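Engineer: Can you read through this structure? Questions will come right after.
The values are calculated or read from the model by the stated rules, or taken from the named source; none is laboratory data. Note that the structure is predicted; figures quoted are calculated from it, not measured. Cβ placement follows ideal geometry from the backbone for every residue including glycine, while neighbour counts extend to all protein chains displayed.
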């Protein structure tokens, strides 16, 4: 088999600002796997939150390429690869196996039904004066996901609610709060607003704060950064009511599927999210539609241009093209 890594520079439509950083472009990679008859591709979307940089991805890919000569599956299991790279390497291989067997990827992983889901549209951290103009292009979405930090949280949520009446709101803290009392004051302000859930308000390491909040909050609090590739769902169930599974974090399409199935069996609500990705990465996430309650798959809509038009969005609904 031939294995190749190519880099992509992806300019964004807006300044993508969350609680820990801001950017105007994303540097992703495409993994291409060939067996002489079939070509399979997947995407790497590195995230600095997890110690991933373009340089590290390129270095690890070169190491994987050498090991893969002695066996692809053996190379995947050889070490703890950066999760976004491992996802791309594994999913390209899984898709190639499906092609070799004359199956669709959905058939191969057992995804039955329509691969279609309503997605929220993200609102990055911005000045409240910019919200109305930003939302003018996104009123078709049934729900909006608001990125916040501790300083701007209430003002931004309030302004989004004013400019988008009738929409459900999802609040994404990205680990912004470090004090429980301060966070509870924010929750008090939210009374009366159509809040669907609140995502990862505290750092993942602050399990004590999540356990203290869990019986006190009236809101669905969702785990994001608290989930990577380890099966810690039993512990998460003591702190959260919902989980956000991202394939770039689980490092595996198959593990992501299994996480969702197990989470639902434990009574947790499930969402599949994404990084800033092209339609290639999003297309894999959509294959998990049968096991997700919610979708946050707007990463390709943040790009000035989507070089892989494998998914489409109409009226807030994402589907494969």
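Engineer: Against the definition (under 23 Å from residue 186 (Cβ atoms) and in contact (Cβ under 8 Å) with a residue 40 or more places away in the chain), how does residue 146 come out, yes or no? Don't jump to the end; show me each part of the working.
Structural biologist: Numbers: under 23 Å from residue 186 (Cβ atoms): yes; in contact (Cβ under 8 Å) with a residue 40 or more places away in the chain: no.
It is false that residue 146 is under 23 Å from residue 186 (Cβ atoms) and in contact (Cβ under 8 Å) with a residue 40 or more places away in the chain.
Engineer: Now for a different question. For the range 6-36, give me the residue count where each residue is more than 14 Å from residue 302 (Cα to Cα) and free of Cβ contacts under 8 Å to residues at least 60 places away in the same chain.
Structural biologist: Residues flagged as more than 14 Å from residue 302 (Cα to Cα) and free of Cβ contacts under 8 Å to residues at least 60 places away in the same chain within the range 6-36 amount to 6.
Engineer: Quick check: anything in the range 185-197 within 18 Å of the chain's Cα centre (by Cα) and crowded, with 18+ Cβ neighbours inside 10 Å?
Structural biologist: Going through the range 185-197, the residues within 18 Å of the chain's Cα centre (by Cα) turn out to be 196-197.
Next cut, crowded, with 18+ Cβ neighbours inside 10 Å only: 196-197.
Yes, the range 185-197 has at least one match.
Engineer: To continue, here is another question. If only one of 19, 23 is modelled with pLDDT under 90 and either closer than 18 Å to residue 278 by Cα or surrounded by 12 or more Cβ atoms within 10 Å (Cβ to Cβ) (or both), which one is it? Outline the logic, then answer.
Structural biologist: Details: 23 fails: modelled with pLDDT under 90.
So the residue among 19, 23 that is modelled with pLDDT under 90 and either closer than 18 Å to residue 278 by Cα or surrounded by 12 or more Cβ atoms within 10 Å (Cβ to Cβ) (or both) is 19.
Engineer: Being more than 29 Å from residue 183 (Cβ to Cβ), in contact with a helix residue (DSSP H, G or I) (Cβ under 6 Å, 6 or more places away or on another chain) and crowded, with 24+ Cβ neighbours inside 10 Å, is that true of even one residue in the range 267-278?
Structural biologist: Taking the range 267-278 as the starting set, the residues that turn out to be more than 29 Å from residue 183 (Cβ to Cβ) are 277-278.
Right, trim to in contact with a helix residue (DSSP H, G or I) (Cβ under 6 Å, 6 or more places away or on another chain) and you get 277-278.
Still in the list and also crowded, with 24+ Cβ neighbours inside 10 Å: 277-278.
Yes, there is a match, as at least one residue in the range 267-278 is more than 29 Å from residue 183 (Cβ to Cβ), in contact with a helix residue (DSSP H, G or I) (Cβ under 6 Å, 6 or more places away or on another chain) and crowded, with 24+ Cβ neighbours inside 10 Å.
Engineer: I'd like to verify a number: residues in the range 1-18 that are closer than 29 Å to residue 171 by Cα and in a strand (DSSP E or B), how many? So that I can check it myself, show each step before the final result.
Structural biologist: Step one: of the range 1-18, the residues closer than 29 Å to residue 171 by Cα are 9-18.
This time we only want the ones that are in a strand (DSSP E or B), so: 9-17.
So the count comes out to 9.
Residue by residue, here is whether (1) in contact with a strand residue (DSSP E or B) (Cβ under 7 Å, 6 or more places away or on another chain); (2) in a loop (DSSP other than H, G, I, E, B); (3) in the same structural domain as residue 315 (by TED's automatic domain parsing); (4) within 24 Å of residue 147 (Cα to Cα) holds:
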residue: 20; (1), (2), (3), (4): no, yes, no, yes
residue: 24; (1), (2), (3), (4): yes, no, no, yes
residue: 32; (1), (2), (3), (4): yes, no, no, no
residue: 37; (1), (2), (3), (4): no, yes, no, no
residue: 40; (1), (2), (3), (4): yes, no, no, no
residue: 70; (1), (2), (3), (4): no, yes, no, no
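Engineer: Of all residues in the range 224-253, how many are part of a loop (DSSP other than H, G, I, E, B) and under 17 Å from residue 175 (Cα atoms)? Outline the logic, then answer.
Structural biologist: Filtering the range 224-253 down to residues part of a loop (DSSP other than H, G, I, E, B) leaves 224-232, 237-241, 246, 251-252.
If we keep only those that are under 17 Å from residue 175 (Cα atoms) as well, we get 224-228, 239-241, 246.
Residues that pass the stated criteria total 9.
Engineer: Is there a residue in the range 116-131 that is assigned to a helix (DSSP H, G or I), under 22 Å from residue 23 (Cα atoms) and touching a residue at least 24 places away in the same chain (Cβ under 8 Å)? Break it down into steps so the answer makes sense when it comes.
Structural biologist: Taking the range 116-131 and keeping what is assigned to a helix (DSSP H, G or I), we get 128-131.
Narrowing further to those that are under 22 Å from residue 23 (Cα atoms): 128-131.
Checking which are touching a residue at least 24 places away in the same chain (Cβ under 8 Å) leaves us with 128, 131.
Checked the range 116-131: at least one residue is assigned to a helix (DSSP H, G or I), under 22 Å from residue 23 (Cα atoms) and touching a residue at least 24 places away in the same chain (Cβ under 8 Å).
Engineer: If you take the residues in the range 294-312 that are touching a helix residue (DSSP H, G or I) at 6+ places or on another chain (Cβ under 8 Å) and closer than 14 Å to residue 143 by Cα, which one is surrounded by the most Cβ atoms within 10 Å (Cβ to Cβ)?
Structural biologist: My answer is 297.
Engineer: Restricting attention to the range 146-156, does a residue exist that is under 23 Å from the mean Cα position of the chain (by Cα), over 27 Å from residue 285 (Cα atoms) and surrounded by fewer than 17 Cβ atoms within 10 Å (Cβ to Cβ)?
Structural biologist: Checking the range 146-156: at least one residue is under 23 Å from the mean Cα position of the chain (by Cα), over 27 Å from residue 285 (Cα atoms) and surrounded by fewer than 17 Cβ atoms within 10 Å (Cβ to Cβ).
Conditions (1) closer than 25 Å to residue 105 by Cα; (2) not in a loop (DSSP other than H, G, I, E, B), marked per residue:
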{"position": "202", "(1), (2)": "no, no"}
{"position": "215", "(1), (2)": "no, no"}
{"position": "218", "(1), (2)": "no, no"}
{"position": "255", "(1), (2)": "yes, yes"}
{"position": "259", "(1), (2)": "yes, yes"}
{"position": "274", "(1), (2)": "yes, no"}
{"position": "280", "(1), (2)": "yes, yes"}
{"position": "297", "(1), (2)": "yes, no"}
{"position": "313", "(1), (2)": "yes, yes"}
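Engineer: Among the listed residues 160, 171, which satisfies the condition of being surrounded by 17 or more Cβ atoms within 10 Å (Cβ to Cβ), touching a residue at least 24 places away in the same chain (Cβ under 8 Å) and assigned to a helix (DSSP H, G or I)? Let's see the steps before the verdict.
Structural biologist: Details: 171 fails: assigned to a helix (DSSP H, G or I).
On inspection, the qualifying residue turns out to be 160.
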